[in-house]
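Colleague: Structure below; questions to follow.
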Amino acid sequence: MKRSLKPLALAAAGVFLGRAAFADTLLTFDASPPGQGQNAQILQTFGDNAADSSPGVLVTGVGTPDIRLNWQSTGGRWDYYIDAVWSAGQLDSSGIADLHEIVFTPSAPAAVIIKSFNFHPYYDNTLDYSYDWRVLDGGNVLTNGSLTFICDATRNHPVTINYQGSLGQVLTLQLERTGGSDGTQNIAIDDVRFAQFPEPTGPAVTFVTPGQGQTSVAPEIAFRASLKDGSTAVATNTILLSLNDNTLSPVITRETNVTTVSYQTSGLLPAGTNRYTLVFRDNAATPTSYTNELQFVVAAYVNLQLPAPVIFENFDATAEGGLPSGWSQTNYTEVLNPDLDLGNLDSASYATWVVVNTARFTNSFVGYSDTNAAPVDYSQVLTANPSNVVNGASVKNLATGRFLIGNSGYRFGRSQVMYLFTPDFDLTGKANMHLSFHSLWEQNQDSIGAVEYSIDQGQTWLPIVYMLDGPDMLLDAGNAVDPVATLSTGAQTADEAIAFYTDPADGQDKGGTYGAFVGVAQNQWTGLAPFISARVNDDPVESKRVEFFRLPQADNQAKVRFRFAHAGTDSWYFGIDDFGLYSMPRPTLSVSVSGNSLTVSWPTSEAGFTLESANSLANPAWGPVGGVTNNSVTVTATPGNKFYRLRR
């Protein structure tokens with residue numbers, strides 16, 4: 001059934017169009033723009049100021065250089081998805097009454113024309129979806145309609161709008177799920193077409209990075225913009241570029257009718273809001289000046305300072321399909337496909353920890369051993385996190401060359417339970433030991449990733465970190481994490497399935513709680529709260545980290561080994577690269593006293609430390625000191641706080 005609502009009376013600001021495009025842009029989603037992850041939230045800069053075609057964006061004529069987009073939602077999010085069925089913007093978690101919106105913001109004197117788009121269901125199952133669509137000016141509905149369409153795995157479900165706003169008017173295209181017999185949320189839109197009026201005549205910025213309004217930007221100092229001539233050309237000798245009001249000296253090149261402005265240098269941008277300003281004039285008889293101010297937000301980060309490692313393993317010397325010398329594994333993964341095939345995520349190759357080339361994750365895999373199904377794009381394993389900074393440099397690629405992975409996703413079978421053990425490392429004479437590794441973890445609502453260490457050849461284990469979905473961390477009466485309840489309790493919701501496995505040693509079923517996969521003795525669980533780390537379900541970025549942990553009992557030990565655990569049921573992956581042990585120099589505290597005020601400070605090179613205080617050293621109860629600013633804090637000198645230390 002197909003139904004539609006009559007459009008509301010035209011607002012004075014808008015008109016319906018029945019004519020050809022002016023400056024036209026089509027969002028095809030057919031390729032990923034730089035920095036866009038697969039099945040990850042659409043970059044806020046996607047489709048912005050499009051004056052030339054780019055990945056996922058097809059421009060006709062001079063495009064829409066004066067229109068900026070904003071992707072927002074209520075109850076879900078916009079995801080960029082490319083596979084054998086979709087090259088589309090997924091309406092992720094599009095349930096009844098959920099809203100997905102695209103906000104079109106013109107720069108005066110331009111006007112936005114929202115023209116059309118296509119709905120695209122994922123499955124061909126004869127069920128249907130129902131949606132209302134609206135064009136809004138703030139809360140005012142300018143035009144609207146409804147559509148019910150069959151799930152046929154095609155994008156042939158068009159919505160024609162053709163609404164033009166007034167000069168400078170912000171328009172919002174709003175989509176609301178209203179019903180349908182398909183209860184899933186496997187639905188997307190494609191071919192979003194919009195235009196601007198009047199057509200621009202002078203030069204336009206066709207590409208810029210970082211983008212206007214972009215958030216979670218890596219802190220590297222890098223800028224690039226392309227300027228495309230219009231009826232007049234860019235006067236290259238007038239180009240000025242500044243960063244936070246500091247003048248830069250960019251590299252300027254020109255080819256045919258495109259001018260490229262680029263700048264890159266070492267160093268780090270401060271976290272928070274930063275601003276590039278690009279100014280130029282055209283070559284008209286009476287030149288026009290153009291100013292492009294680009295504000296963006298650098299992700300919060302800590303500049304981790306690592307010395308030369310005591311022990312280091314990057315897995316590059318290990319053959320694919322194996323483990324480094326001295327490393328071992330045990331797994332209780334149910335294997336339904338016995339083939340050894342690194343191109344099949346459901347094969348025996350991925351039943352346990354295995355070294356593979358990162359290049360495999362830029363291509364496609366077979367999933368669930370179904371060679372007739374669409375190939376699996378697992379590129380999200382390599383998704384970058386802009387908050388990773390080591391020794392003054394942004395870490396763009398957590399995995400390079402070969403890396404180690406324990407995979408649970410796209411597998412049949414009861415569960416995937418896998419343990420990885422390092423050899424014993426001799427740390428005799430080494431103090432202040434820390435572990436750092438590049439972690440490519442993606443949390444699933446019922447999976448656990450654990451890291452532990454032993455100083456007695458694995459007879460007992462000590463905690464490092466236990467990664468769990470945040471809602472599965474149970475709290476006590478004081479609203480603090482209850483480690484015993486968290487590790488002892490089974491699934492928290494009906495859709496969770498904490499791993500079970502049959503132990504071949506005794507034929508007994510084991511698992512069903514997170515604690516089943518913890519090596520620390522159960523009578524010591526009461527002290528594990530600081531080691532239980534809340535992670536975000538189905539987020540391909542949040543847990544991609546350069547992890548760094550103090551190993552207090554590893555100092556001067558001759559036999560230190562590590563245990564990595566991953567347990568799940570079709571539950572994503574746990575990748576590891578650049579495993580290193582580090583003997584860290586102890587930070588130097590500077591203390592000054594003025595009256596009854598005590599100022600404690602330490603070098604800025606020691607970022608990432610927390611200042612703690614205790615009442616005595618005989619039986620210390622260390623606690624964090626508040627009010628620290630720029631590695632310095634002033635406290636009132638009292639008998640109750642006599643001792644201070646820095647701790648990572």
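The values are calculated or read from the model by the stated rules, or taken from the named source; none is laboratory data. No experiment lies behind these values; they were computed from the predicted model shown. Here the Cβ positions follow ideal geometry from the backbone for every residue, glycine too, while neighbour counts run over all protein chains shown. These accessible areas exclude ligands, DNA and RNA; they are computed on the full protein's heavy atoms, side chains included. Shrake-Rupley method; radii C 1.70, N 1.55, O 1.52, S 1.80 Å.
Colleague: If you go through the range 277-294 one residue at a time, how many are open to solvent by less than 80 Å² (accessible area, probe 1.4 Å) and closer than 19 Å to S262 by Cβ?
Modeller: We begin by selecting, within the range 277-294, every residue open to solvent by less than 80 Å² (accessible area, probe 1.4 Å); these are 277-280, 282, 284, 287-290, 292, 294.
Remaining after also requiring closer than 19 Å to S262 by Cβ: 277-280, 290, 292, 294.
Looking only at that region, the number is 7.
Colleague: Restricting attention to the range 108-143, and to residues there that are touching a residue at least 60 places away in the same chain (Cβ under 8 Å), surrounded by fewer than 16 Cβ atoms within 10 Å (Cβ to Cβ) and among the small types (G, A, S), which single residue is nearest to T291 (Cα to Cα)?
Modeller: By that ranking, first place goes to A108.
Colleague: With (1) in a loop (DSSP other than H, G, I, E, B); (2) at pLDDT 95 or above; (3) within 17 Å of L382 (Cα to Cα) as the list, and F574 as the residue in question, which single condition is left unmet?
Modeller: Among (1) in a loop (DSSP other than H, G, I, E, B); (2) at pLDDT 95 or above; (3) within 17 Å of L382 (Cα to Cα), the lone unmet condition for F574 is (1).
Colleague: For the range 335-365, which positions are in a strand (DSSP E or B) and either modelled with pLDDT under 95 or surrounded by 20 or more Cβ atoms within 10 Å (Cβ to Cβ) (or both)?
Modeller: Just the residues of the range 335-365 that are in a strand (DSSP E or B), to begin with: 337, 344, 347, 354-357, 364-365.
Residues satisfying the conditions are N337, N344, S347, V354, V355, V356, S364, F365.
Colleague: Now, a different point. Working carefully through the options L468, L474, find the one that is surrounded by 14 or more Cβ atoms within 10 Å (Cβ to Cβ), of a type outside the set (D, E, K, R) and free of Cβ contacts under 8 Å to residues at least 24 places away in the same chain.
Modeller: Working: L468 fails: free of Cβ contacts under 8 Å to residues at least 24 places away in the same chain.
That would be L474, the only listed residue that is surrounded by 14 or more Cβ atoms within 10 Å (Cβ to Cβ), of a type outside the set (D, E, K, R) and free of Cβ contacts under 8 Å to residues at least 24 places away in the same chain.
Colleague: Mind checking which pairs have a first residue in the range 58-86 that is closer than 29 Å to C151 by Cα and among the acidic types (D, E) and a second that is open to solvent by less than 20 Å² (accessible area, probe 1.4 Å) and not in a loop (DSSP other than H, G, I, E, B), Cβ under 9 Å, 6 or more apart or different chains?
Modeller: D79/A40; D79/G89; D79/Q90; D79/L91; D79/A188; D83/V376
Colleague: Identify, by number, the condition in (1) closer than 16 Å to N407 by Cα; (2) surrounded by fewer than 17 Cβ atoms within 10 Å (Cβ to Cβ); (3) of a type in the set (S, T, Y) that Y332 doesn't meet.
Modeller: Going through (1) closer than 16 Å to N407 by Cα; (2) surrounded by fewer than 17 Cβ atoms within 10 Å (Cβ to Cβ); (3) of a type in the set (S, T, Y) one by one, Y332 breaks only (2).
Colleague: Considering only residues of the range 261-276 that are in a strand (DSSP E or B) and surrounded by 16 or more Cβ atoms within 10 Å (Cβ to Cβ), which is farthest from the chain's Cα centre (by Cα)? So that I can check it myself, show each step before the final result.
Modeller: Step one: filter the range 261-276 for residues in a strand (DSSP E or B), giving 261-268, 272-276.
When the remaining residues are screened for being surrounded by 16 or more Cβ atoms within 10 Å (Cβ to Cβ), the result is 261, 263, 268, 274, 276.
Details: V261: 28, Y263: 25, L268: 20, N274: 20, Y276: 24 Å.
Of everything passing the filter in the range 261-276, V261 is farthest from the chain's Cα centre (by Cα).
Colleague: In the range 38-50, which residues are part of a loop (DSSP other than H, G, I, E, B), in contact with an Asp or Glu (Cβ under 9 Å, 6 or more places away or on another chain) and either of a type in the set (A, V, I, L, M) or surrounded by fewer than 22 Cβ atoms within 10 Å (Cβ to Cβ) (or both)?
Modeller: Taking the range 38-50 as the starting set, the residues that turn out to be part of a loop (DSSP other than H, G, I, E, B) are 38-39, 42-49.
With in contact with an Asp or Glu (Cβ under 9 Å, 6 or more places away or on another chain) added as a condition, the list becomes 38-39, 42, 49.
Of everything in the range 38-50, those that are part of a loop (DSSP other than H, G, I, E, B), in contact with an Asp or Glu (Cβ under 9 Å, 6 or more places away or on another chain) and either of a type in the set (A, V, I, L, M) or surrounded by fewer than 22 Cβ atoms within 10 Å (Cβ to Cβ) (or both) turn out to be Q38, N39, I42.
Colleague: Residues in the range 83-93: is at least one under 22 Å from I42 (Cβ atoms), open to solvent by 20 Å² or more (accessible area, probe 1.4 Å) and aliphatic (A, V, I, L, M)? Steps first, answer last, please.
Modeller: Restricting attention to the range 83-93, the residues satisfying the condition of being under 22 Å from I42 (Cβ atoms) are 83-93.
Imposing the further condition that a residue be open to solvent by 20 Å² or more (accessible area, probe 1.4 Å) reduces the set to 83-85, 87, 92-93.
Now narrow it down to the ones that are aliphatic (A, V, I, L, M): 84-85.
Yes; the residues of the range 83-93 include at least one that is under 22 Å from I42 (Cβ atoms), open to solvent by 20 Å² or more (accessible area, probe 1.4 Å) and aliphatic (A, V, I, L, M).
Colleague: Which fully enclosed strands (runs of 3 or more DSSP E) of the range 147-252 have 2 or more residues being surrounded by fewer than 18 Cβ atoms within 10 Å (Cβ to Cβ) and β-branched (V, I, T)?
Modeller: 234-243
One line per residue, one yes/no per condition, for (1) among the small types (G, A, S); (2) modelled with pLDDT under 95; (3) loosely packed, with under 11 Cβ neighbours inside 10 Å; (4) closer than 29 Å to L581 by Cα:
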{"residue": "Q459", "(1), (2), (3), (4)": "no, no, yes, yes"}
{"residue": "L462", "(1), (2), (3), (4)": "no, no, no, yes"}
{"residue": "G478", "(1), (2), (3), (4)": "yes, yes, yes, no"}
{"residue": "A485", "(1), (2), (3), (4)": "yes, no, no, no"}
{"residue": "A491", "(1), (2), (3), (4)": "yes, yes, no, no"}
{"residue": "D495", "(1), (2), (3), (4)": "no, yes, yes, no"}
{"residue": "F500", "(1), (2), (3), (4)": "no, yes, no, no"}
{"residue": "A505", "(1), (2), (3), (4)": "yes, yes, yes, no"}
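Colleague: Could I ask something else about it? Only residues that are more than 21 Å from the chain's Cα centre (by Cα) and small (G, A, S): list them for the range 365-391, please.
Modeller: Residues of the range 365-391 that are more than 21 Å from the chain's Cα centre (by Cα), as a first pass: 365-375, 391.
Once the filter is applied, which keeps residues that are more than 21 Å from the chain's Cα centre (by Cα) and small (G, A, S), the range 365-391 yields G367, S369, A373, A374.
Colleague: While we're on this one: Please pick out the residue among A348, A300, A317 that is in contact (Cβ under 8 Å) with a residue 12 or more places away in the chain and over 24 Å from the mean Cα position of the chain (by Cα). It would help to see each step written out before you state the result.
Modeller: Working: A300 fails: over 24 Å from the mean Cα position of the chain (by Cα); A317 fails: in contact (Cβ under 8 Å) with a residue 12 or more places away in the chain.
Selected residue: A348, the only one of A348, A300, A317 that is in contact (Cβ under 8 Å) with a residue 12 or more places away in the chain and over 24 Å from the mean Cα position of the chain (by Cα).
Colleague: Can you report the number of residues in the range 510-535 which are outside any helix (DSSP H, G or I) and either open to solvent by less than 40 Å² (accessible area, probe 1.4 Å) or small (G, A, S) (or both)? Before you say what the answer is, go through the steps one by one.
Modeller: Step one: of the range 510-535, the residues outside any helix (DSSP H, G or I) are 510-513, 518-521, 528, 532-535.
Now restrict to residues that are either open to solvent by less than 40 Å² (accessible area, probe 1.4 Å) or small (G, A, S) (or both): 511-513, 518-521, 528, 532-535.
Total meeting the criteria: 12.
Colleague: Please enumerate the residues belonging to the range 402-429 that are part of a strand (DSSP E or B) and of a type in the set (F, W, Y). Spell out the reasoning first.
Modeller: Filtering the range 402-429 for residues part of a strand (DSSP E or B) gives 402-407, 416-421, 425.
Listed by number, the residues that qualify are F403, Y419, F421, F425.
Rundown of residues vs (1) within 29 Å of N357 (Cβ to Cβ); (2) surrounded by fewer than 22 Cβ atoms within 10 Å (Cβ to Cβ); (3) at pLDDT below 95, yes/no style:
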position: S408; (1), (2), (3): yes, no, no
position: Y419; (1), (2), (3): yes, yes, no
position: T428; (1), (2), (3): no, yes, no
position: S436; (1), (2), (3): yes, yes, no
position: Q443; (1), (2), (3): yes, no, no
position: A450; (1), (2), (3): yes, no, no
